[in-house]
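Engineer: Before I ask anything, let me first share the structure, which is written out below as structure tokens.
Laboratory data are not the source of any read-out in this text; all were calculated from the coordinates shown. Bear in mind that the values here come from a model prediction, so they are computed numbers and not experimental data. Neighbour counts are summed over all protein chains in view; Cβ atoms, including those assigned to glycine, are modelled from backbone coordinates with ideal geometry.
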């Protein structure tokens, strides 16, 4: 179920129904109008839409607010950032890449009677 369904909406709907019934009993013979709804809903709303109820609903389904103090700072002291060297044979531009492809194409033996032989190239992904 949804978090707010568990903690807020069920109680709110019951209390709102009770407030409507009480209003109808106290205003007999008068039809309920749209202008009467804020008065009816306000008390139920303030009672159930509280921070405590909302947090409790999320906790029931296992969703908790972020706790920035859950990890101690000392745990992060052991981490080291390693700087990796950038590869030297990565093409820096399209022209360089095309020229590398052309060099590779020239190194392929295109004689039909022989097996094609290529030079070894390093592919970087």
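Engineer: Cβ neighbours within 10 Å, averaged per peptide: list 12-21, 57-66, 29-38 in order, most packed at the top.
Structural biologist: Working: 12-21: 14.4, 57-66: 11.5, 29-38: 9.2.
Taking the mean over residues of other Cβ atoms within 10 Å, the ranking is 12-21, 57-66, 29-38.
Engineer: At 10 °C and a viscosity of 1.306 mPa s, what translational diffusion coefficient does Stokes-Einstein give for the range 3-60, taking Rh as the Kirkwood radius over Cα pairs? Give it in µm²/s as a whole number. All intermediate terms of the calculation are to be shown ahead of the outcome.
Structural biologist: On the way: Rh = 12.3 Å.
D = 130 µm²/s.
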